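Step one of this worksheet: look at the structure below.
The values are calculated or read from the model by the stated rules, or taken from the named source; none is laboratory data. All of these numbers come straight from a predicted model, not from anything done at the bench. Cβ placement follows ideal geometry from the backbone for every residue including glycine, while neighbour counts extend to all protein chains displayed.
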Amino acid sequence: MQAISGAVNIHAAKSNVTAFMKDITAKHSRTLYKTQRMVLQFLQSTVDKLYAGTSKTTTRKMCFLYNVKGVAKPLKLAPAKHLGPVNPTFEDGRKVRNIITAYF
């Protein structure tokens, strides 16, 4: 996987990912799933409780800011442009946007 960051183009990066995916076992898959769930839970609790405002990226796209305890810089979440349908499991009837990236 380390070679992906140094790939000369997207085709080289994709070939590294393909090789990596062939090597994943059921144990790795469970670990990856658990890690994804932990990230999702972290993002959900952050979004629910720690909103600090909005900002613009260097490319003039909107992002949401969240103050995370113990971290000097705010967490930035960049939403998708597309509004998704209302989620019936939410108490809020507004349409939702997916998070396309999150970074400090």
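Would you confirm, using the coordinates I've provided, whether Phe64 is modelled with pLDDT of 90 or more and farther than 30 Å from Met21 by Cα? The answer is yes for Phe64.
Met38 fulfils the conditions (1) at pLDDT below 90; (2) in a helix (DSSP H, G or I) except for a single criterion, (1). In segment 23-52, of all residues being among the hydrophobic types (A, V, I, L, M, F, W, C) and more than 15 Å from the chain's Cα centre (by Cα), the one that is farthest from Leu65 (Cα to Cα) corresponds to Ala26.
Apart from one condition, Gly53 fits all of (1) touching a strand residue (DSSP E or B) at 6+ places or on another chain (Cβ under 9 Å); (2) loosely packed, with under 12 Cβ neighbours inside 10 Å; (3) modelled with pLDDT under 90; the exception is (3). Return the total of residues in segment 63-85 being loosely packed, with under 12 Cβ neighbours inside 10 Å and aliphatic (A, V, I, L, M). Within segment 63-85, residues that are loosely packed, with under 12 Cβ neighbours inside 10 Å and aliphatic (A, V, I, L, M) number 2. Consider Thr101 carefully, then state whether it is of a type in the set (S, T, N, Q), modelled with pLDDT under 90 and outside any strand (DSSP E or B). No, not satisfied.
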